[in-house]
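What follows is one structure encoded as structure tokens, with my remarks underneath.
The values are calculated or read from the model by the stated rules, or taken from the named source; none is laboratory data. Please read these numbers as outputs of a predicted model, since none were measured by experiment. Backbone-built Cβ (ideal geometry, glycine too); neighbour counts: all protein chains shown. Just the protein is used for accessible areas: all its heavy atoms, side chains included, with ligands, DNA and RNA removed. Shrake-Rupley method; radii C 1.70, N 1.55, O 1.52, S 1.80 Å.
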Amino acid sequence: MIIDGKKASAALREELKEKVSKLKSTYNTVPGLTVILVGEDPPSKIYVKNKEKSAVEVGINSEVIHYPDNIEEKVVLDKIKELNKNDKVSGILVQLPLPKHIDKRKVIETIDPSKDVDGLHPVNVGNLSSGYDSTIPCTPMGCYLLIKNTEKNLNGKHAVIIGRSNLNGKPMTQLLLKENCTVTITHSKTKDLKAECKRADIIVAAVGKPKLVKADWVKKDAIVIDVGINKTDSGLVGDVDFDEVSKIAKAITPVPGGVGPMTIACLLSNTVECFKRARSN
Ligand code: NAP
């Protein structure tokens, strides 16, 4: 089974469109998402454009603040502080990566946790790992929804996560632990990655290495989620050797058209949730 991320994302966005329309009639206003982009990194510019387009489609107010590469860190931090106080802004996202002279940690920690739609603020990270309500990073949330669409009961499943980044691997671990999976998190220093993967009922690959996961790493009937986006001479490929692994896995996400579309839908969902939480307090 090929897991269709585009279809799942379209369904989620349709649901959000209805939610936003109801919120509009209740509060006479709609959620607002502000994205801060620094510099001219081409992939970042494409991501931001797609986020803006999708936000508008579901009825979310979208604003992009674009600074040049050499902008002072203080200008960015002051803008975030201003947005924190603005009632019209439900969610703030600072597109990563940032230029080297801007401290990513300072930027993330300046965002009000209740507006942190990327779920990267330590308050949200801590809440997630404590099992409390929190804003969950968009890509792992998208992976989680795709896994749950494929298999409802994950009790006791053995999940192997490849990659331990704050953005993907670590939050993915927390989400699957909450579902009672036994989770192994692996990384570049893992001794025998193939052996670890071979034991997995669920593999989530978030590495950034084209076709790293081979067919003989995968147990028959495993669910394989490919987060990787790698540009190669033969086009965009994931971290999984899709052609070979798809013959063995029970379900697998393609690249493109798998996790990617879910990331944006989950960002919009986080924006709507932040709007709702701000009004329920
Ligand atoms: P990252 O911060 O660079 O982390 C990569 C992780 O992979 C690290 O933990 C690293 O281990 C591990 N790793 C590297 N080489 C390895 C190897 N040979 N074997 C096992 N583990 C290895 O990357 P990221 O931000 O999580 O992104 C991962 C991939 O997902 C990238 O391709 C990125 O473009 C893609 N991505 C996709 C979406 C989407 O919407 N689909 C969103 C975000 C990112 P160490 O910790 O030991 O260095």
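Cysteines of the chain lacking any other cysteine Cβ under 4.7 Å from their own Cβ: Cys143, Cys181, Cys197, Cys274. Across the stretch 138-259, the convex hull enclosing all Cα atoms gives 93 Å³ per residue.
The portion of the accessible surface of the chain made up by carbon and sulfur, rounded to a whole percent, is 51 (1.4 Å probe; DNA, RNA and ligands excluded). For the stretch 237-281, applying the loop criterion from DSSP together with a ceiling of 13 other beta carbons within 10 Å to the trypsin sites (Lys or Arg not before Pro) yields Lys247.
When DSSP beta bridges are restricted to pairs lying wholly in the stretch 29-112, around 0% turn out antiparallel.
Given the stretch 187-281, what whole percent of its Cα pairs are spread farther than 20 Å? Here the tail beyond 20 Å accounts for 44 percent of pairs.
So, with +1 on the Cβ of K and R and -1 on the Cβ of D and E, and no other charges, what is the size of the charge dipole of the chain about its Cα centre, to the nearest 20 debye?
It works out to roughly 480 debye.
Just check the stretch 1-145 against the gyration tensor rule for me: Cα atoms, a ≥ b ≥ c as the square roots of the eigenvalues, rounded for a/c under 1.5, and otherwise prolate or oblate depending on whether a/b exceeds b/c.
Numbers: a/c = 1.41, a/b = 1.36, b/c = 1.04.
Because its axes are fairly even, with a/c under 1.5, the stretch 1-145 counts as rounded.
Where in the chain lies the longest segment free of GluC sites (Glu not before Pro) that are both loop residues by DSSP (not H, G, I, E, B) and have at most 11 other Cβ atoms within 10 Å? Formally, the longest exposed-site-free interval is 73-281.
Okay, helix-only estimate at 222 nm for the chain: each DSSP H run of n ≥ 4 adds -39500 (n - 2.57), divide by all residues, round to 500 deg cm²/dmol; what do you get?
On the way: 10 runs with 124 residues, N = 281.
After summing the helix terms and dividing by the residues of the chain, the value is -14000 deg cm²/dmol.
Any idea what the dipole of the stretch 29-112 comes to, in debye rounded to 20, about its Cα centre with Lys/Arg Cβ at +1 and Asp/Glu Cβ at -1?
Using only the charged Cβ atoms, the result is roughly 120 debye.
Beyond 16 Å, what percent of the Cα pairs of the stretch 29-112 remain? More than 16 Å apart: 50 percent of the Cα pairs in the stretch 29-112.
Taking every DSSP beta bridge that has both residues in the chain, what percent is antiparallel when rounded to the nearest 5? Intermediate results must be reported in sequence, preceding the final value.
Working: 3 of 32 bridges.
Of all bridge pairs located within the chain, approximately 10 percent are antiparallel.
Of the trypsin sites (Lys or Arg not before Pro) found in the stretch 70-156, the ones in coil according to DSSP and having at most 11 other Cβ atoms within 10 Å of their Cβ are Lys100, Lys152. Given their separation in residues at 0.36 nm each and the Cα-Cα distance between them, Lys100 and Ala10 gain 28.8 nm when the chain is fully extended.
Compared with the dominant principal axis of the Cα atoms in the chain, helix 138-150 is inclined by about 50°.
Show me the ranking of peptides 164-173, 186-195, 135-144 by mean Cβ neighbours inside 10 Å, starting with the highest.
Listed from highest to lowest mean packing, they are 135-144, 164-173, 186-195.
Between Ala10, Leu98, Ile36, the Cα set farthest toward the positive side of the dipole of the chain (charges on each charged residue's Cβ, about the Cα centre) is that of Ala10.
Computed from Cα atoms, the angle from the helix 5-27 axis to the main principal axis of the chain rounds to 30 degrees. Report the net charge of residues surrounding Ser54, where surrounding means a beta-carbon distance below 13 angstrom and charges are Lys +1, Arg +1, Asp -1, Glu -1. So the surrounding residues net to +3.
Using the Cβ of Val160 as centre and a radius below 11 Å, the other residues enclosed give a net charge of +3, where K and R count +1 and D and E count -1. Could you give the angle, 0 to 90 degrees to the nearest 10, between helix 73-85's Cα long axis and the longest principal axis of the Cα atoms of the chain? Rounded to the nearest ten degrees, it is 80.
Each principal axis of the Cα cloud of the stretch 120-170 was evaluated for its coordinate range; sorted largest first, these ranges are 30, 23, 19 Å. Other residues within the sphere of radius under 13 Å centred on the Cβ of Leu193, judged by their own Cβ, net out at +4 (K and R +1, D and E -1). Of the residues Val255, Leu175, Asn230, the one whose Cα sits farthest towards the positive end of the charge dipole of the stretch 138-259 is Leu175 (charges of +1 on Lys and Arg Cβ, -1 on Asp and Glu Cβ, taken about the Cα centre). Note on the stretch 138-259: antiparallel DSSP beta bridges, both residues inside, total approximately 15 percent of the bridges counted.
Overall dimensions of the chain, expressed as equivalent-ellipsoid semi-axes from the Cα gyration tensor (√(5λ), whole Å, largest first), are 32, 21, 18.
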